[in-house]
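Beneath this line is the structure, given in C-alpha cells, with notes to follow.
The values are calculated or read from the model by the stated rules, or taken from the named source; none is laboratory data. Bear in mind the structure is a predicted one, so any value in this text is a computation, not a measurement. All Cβ positions, even for glycine, are placed from backbone atoms using ideal geometry, and neighbour counts span all protein chains on display.
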Amino acid sequence: MVEELILGSGLASLGVAAYFNMRVQSVSVEEGAASPEECARLLKIAKAIRDGAMAFLFREYKTLAVFIVVFAVIIGVLIDDKLTPDVHEGHYSAVAFVVGAVTSILAGFIGMRTATAGNVRTAVSARESLEKGFVTAINAGAVMGFGLSGLAVLGMLACYYCLAKLLPTQEPHTIMEILSGFGLGASSVALFARVGGGIYTKAADVGADLVGKVEAGIPEDDPRNPAVIADNVGDNVGDVAGMGADLFGSVAESTCAAMVIGAIAFHDNPSALLYPLAVSCLGIPASFIGILAFKAKTEEQVQSSLKNMLILATVLMAIMSYFLTIKLLPAGSFTLGKKEVTATGVYLAFLSGLVSGYLIGWLTEYFTSHAYAPTREVAESSKTGTATNIIYGLALGYNSAVIPSLLIAATVIIAVSQAGMYGIALSAIGMLGTISVALTIDAYGPVADNAGGLAEMAHMGADIRQRTDILDAAGNTTAAMGKGFAIGSAALTALALFSAYVTQCGIESIDLLDPWVMAGLLVGGALTCAFSAMTMRSVGLAALAMIEEVRHQFRNIPGLMEGTAEADYARCVDIATQASLREMLRPGLMVVFTPIVMGYLFGAHMLAGVLIGALITAVIFAISMANSGGSWDNAKKYIESGACGGRGTEAHKAAVVGDTVGDPFKDTSGPALNILIKLMAIISLVFAPFVVTYGGVITKMFNQ
C-alpha cells in the first residue's frame with residue numbers, strides 16, 4: 001500500500017509538472033507581441049538567454065560527469081565488506097550515488113528549459129494584464145517545483161525497491177546505508193551547481209551594475225550593456241538550477257537520514273520504514289491546491305498571493321500528515337534507538353519543522369523586504385554614503401540570524417524530546433514538506449526578472465515594464481524567503497545526517513572536553529571561513545574579467561552607446577561560463593574530500609567535532625550573508641522607486657555599491673554554505689564504514 005502511494009504521488013507530481021508546462025507553452029509570443037518587429041526582437045533575445053543558459057549547463061554537466069565517475073570509483077574502493085561481509089556495500093553505494101547525481105541533473109535541466117521558455121511568455125502575457133503575467137510566471141515556476149518533487153520521490157523509491165530485490169537477505173539497515181549514496185549524489189551535484197551558478201550570475205551582475213549603471217549611467221537591462229544577456233542567464237543558472245539542486249539534495253538527504261535511523265526499529269514493518277518518504281509525498285497535493293487557490297489581479301495581491309499559497313499548503317500539510325502518521329506508524333509506544341516514542345510524538349517532531357520553516361521564511365521577509373523598517377533603515381543610511389550603507393547592511397544581517405537560530409534550536413529540542421534522533425530527521429522533512437510550492441515561488445522570481453529584462457530590451461513600452469517590475473519586486477522578496485527556508489532546512493538536514501552518522505559509527509556520546517573533538521570544532525568553524533573566502537574571491541576574480549570586457553566594448557564598438565550598434569553578448573556569456581567552471585572546483589573539492597581525509601587521519605570522534613563546528617558557524621554565516629545581501633538589494637530598489645531622493649542621487653549610487661557587495665553574499669557564498677554542511681554530513685555517513693575500519697591513523701599514534 002505504501003509503495004503504491006509513493007509511486008502514485010511521484011507520477012502525479014510529474015503529471016502536474018507536465019500540465020503546468022503545457023500551460024506555459026500554450027502562450028503564443030507571436031500573438032502576444034504588438035508587431036512582427038517586436039516579436040522578432042523578443043524571440044531573438046529569448047533565444048540568446050536560452051542558448052546561454054543551456055550552454056552553461058552542458059559545460060557544467062560535462063565537468064560534473066568526470067567528477068561523478070571518479071568519485072563513484074572512490075566510493076566503490078574505500079567502502080568495503082568489513083561491516084557487511086556478504087555484500088560489497090561500496091559497489092551498490094556507488095551506483096546509488098550515480099543515480100542520485102543524474103536525477104538531480106535531470107531536475108535542473110527540466111527547470112531550466114521551462115524557466116527560459118516562461119520568461120518571454122510572461123513578458124507578452126503582461127501586455128494583456130498583470131494577472132496573466134503572474135499566472136504565466138507561476139506556471140513556469142511550478143514545472144520546477146513539481147518536476148523536482150516527483151523525481152526525488154520516484155528516484156528514492158526506485159533505489160529502495162531495486163536494493164530490496166537485489167539484496168533480499170539483507171537487513172533494512174544495510175539497505176538504507178546504501179540508499180544514502182543517492183542523497184550523496186544529489187548533494188554533490190547541488191554543491192557544484194550552486195557554487196558554479198552563483199559565481200556565474202554574480203560575475204555578470206557585478207559587471208553589468210558597476211560599469212553599466214555606475215560608470216556609464218545607463219538603466220538596468222539596457223540592451224547597450226554587453227553584460228545584460230549574461231546577467232539574465234545568471235538569474236536562471238543560480239536561482240533555478242542552483243536552488244533546485246540545493247533543495248533536491250535536502251529532500252533526498254533528510255529522507256535517507258530518517259530511514260537510516262528508523263531502519264533498526266522498523267526492520268519488520270515496511271509501512272513504518274517508508275513513512276519518511278510517504279509523508280513527503282503529502283506536500284505534492286497540498287502545494288497543488290495552494291497554487292491553484294490564489295490569483296493576483298492587482299499590485300497589492302501579487303505578494304499576498306505568493307505568501308498565501310505557502311500558508312495554505314503548510315496548513316493542509318499539517319492536517320494530512322497527522323492522519324498518515326497515525327495510519328503508518330505502530331499504535332501505542334515503540335522504541336526508536338533508546339527512546340520510547342509514540343506516533344503522536346513523531347507527528348509533533350514533524351510539525352515543529354513545518355512551522356519553524358514557515359516562521360524562518362516570514363522572518364527573512366521582514367528583514368529583507370523594503371515594506372518593513374530594517375531595510376528602510378539601510379536605504380536611509382545610504383544618504384550619508386556607501387560606508388554607512390555597508391555598515392547598516394552588515395548589522396542587519398547579523399541581527400537577522402538571532403531569531404532563526406533560536407527557532408532551529410527550539411525545533412531540535414522539541415523534535416528530540418518527542419522522537420529522539422529520528423525526530424530531528426522528521427523535523428527536517430517537515431520543513432521541506434511544502435517544497436513543491438516553495439520552489440515554485442522561488443523559480444517564479446527569475447522568470448519575472450527575465451521578463452522585465454526582455455520587456456526593456458525589446459522596447460515593449462513603459463506600461464509593460466511597470467507590470468513586470470511589480471511581478472519582479474514580489475519575486476525579489478520571495479527569493480529571499482526561499483533562501484531562508486533553504487538555510488533552515490539545511491541546518492536540520494545536516495543535523496539529521498549527523499545523527500545517522502554517529503548511529504552508524506556506534507558513537508553513544510561525544511565528550512566536548514576531548515581535545516580531538518575540541519580541535520574538530522575549531523577546524524569545522526575554520527572550514528566555513530575558508531569556504532566563504534574562496535567563493536567570495538571567486539566572484540571577485542570572475543567579475544574583474546567581466547568588468548574589463550564591458551569597458552572594452554563601450555570603448556571600442558562604435559555607436560554602442562548611441563544605440564546604433566549591437567554589443568557582443570556572447571563574449572560576456574562565455575567569460576562568465578569559463579570563470580564559474582574554473583572557480584567552482586577548489587571550494588567544491590575542499591568540501592568533498594575534507595570529511596574523508598579528516599576521518600582517515602583523526603577518526604570518527606574528531607570528524608564528529610568538525611561536522612558540528614561547521615554546522616553551527618555555517619548556519620549563522622549563511623543567514624546573515626543572505627539577509628544582508630537581500631536587504632542591500634531591496635534598499636536599492638526602494639530608492640529607485642522614489643524614496644530617499646530616487647535614482648541618480650548620491651544615496652542611489654551608495655545603494656548600488658551596497659547591492660553589488662551583497663550580490664555574492666546572497667547568491668553565492670551564503671546559499672552555498674547550505675550545501676557545505678549537508679554534503680560534509682552525508683559524505684561522513686556514506687564513508688562511515690571506511691572511517692570506522694581505517695580511521696584515526698594520527699590519533700592512534702598519539703594514544704600509543
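Structure values in brief
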quantity: Cross-chain or 6+ apart pairs with Cβ under 8 Å, segment 683-704 first and more than 12 Å from Trp516 (Cβ to Cβ), then exposed (fewer than 13 other Cβ atoms within 10 Å of the Cβ); calculated: Pro689/Lys82; Val692/Lys82; Val692/Gly506; Thr693/Lys82
quantity: So Lys132, is it surrounded by 18 or more Cβ atoms within 10 Å (Cβ to Cβ) and basic (Lys, Arg); calculated: yes
quantity: Subset of segment 651-704 that is among the aromatic types (Phe, Trp, Tyr) and under 26 Å from the mean Cα position of the chain (by Cα) - its residue that is surrounded by the fewest Cβ atoms within 10 Å (Cβ to Cβ); calculated: Phe687
quantity: Residue in segment 19-49 that is surrounded by the fewest Cβ atoms within 10 Å (Cβ to Cβ), counting only those that are touching a residue at least 12 places away in the same chain (Cβ under 8 Å) and under 24 Å from Ser436 (Cα atoms); calculated: Gln25
quantity: Residue match in segment 606-620 (condition: modelled with pLDDT under 90, over 19 Å from the mean Cα position of the chain (by Cα) and of a type in the set (A, V, I, L, M, F, W, C)); calculated: no
quantity: Which numbered condition Ala107 fails, given (1) of a type outside the set (Asp, Glu); (2) under 16 Å from the mean Cα position of the chain (by Cα); (3) surrounded by fewer than 24 Cβ atoms within 10 Å (Cβ to Cβ); calculated: (3)
quantity: Among the candidates Ala486, Ala494, residue that is surrounded by 24 or more Cβ atoms within 10 Å (Cβ to Cβ), modelled with pLDDT of 85 or more and within 27 Å of Ala688 (Cβ to Cβ); calculated: Ala494
quantity: Pair list, Cβ < 8 Å and 6+ apart or interchain, from segment 490-511 residues that are at positive phi to residues that are part of a helix (DSSP H, G or I); calculated: Gly506/Val692
quantity: Residue in segment 8-22 that is of a type in the set (Ser, Thr, Tyr), touching a Ser or Thr at 6+ places or on another chain (Cβ under 6 Å) and within 30 Å of Gly290 (Cα to Cα) present; calculated: yes
quantity: When residues of segment 316-343 are limited to those that are β-branched (Val, Ile, Thr) and surrounded by 15 or more Cβ atoms within 10 Å (Cβ to Cβ), the one nearest to Gly484 (Cα to Cα); calculated: Thr325
quantity: Residue check for Ala635: part of a helix (DSSP H, G or I), in contact with a Cys (Cβ under 8 Å, 6 or more places away or on another chain), modelled with pLDDT of 90 or more and more than 20 Å from Met243 (Cα to Cα); calculated: no
quantity: Qualifying helices (runs of 4 or more DSSP H) (wholly inside segment 237-344; at least 2 residues being farther than 30 Å from Gly118 by Cα and at pLDDT 80 or above); calculated: 243-262, 270-273, 275-281, 299-328
quantity: Index of the failed condition, Gly559 passing every other in (1) surrounded by fewer than 17 Cβ atoms within 10 Å (Cβ to Cβ); (2) within 24 Å of Phe71 (Cβ to Cβ); calculated: (2)
quantity: Filter pass, Lys202 being at pLDDT below 80, basic (Lys, Arg) and either in contact with a Leu (Cβ under 6 Å, 6 or more places away or on another chain) or buried (at least 24 other Cβ atoms within 10 Å of the Cβ) (or both); calculated: yes
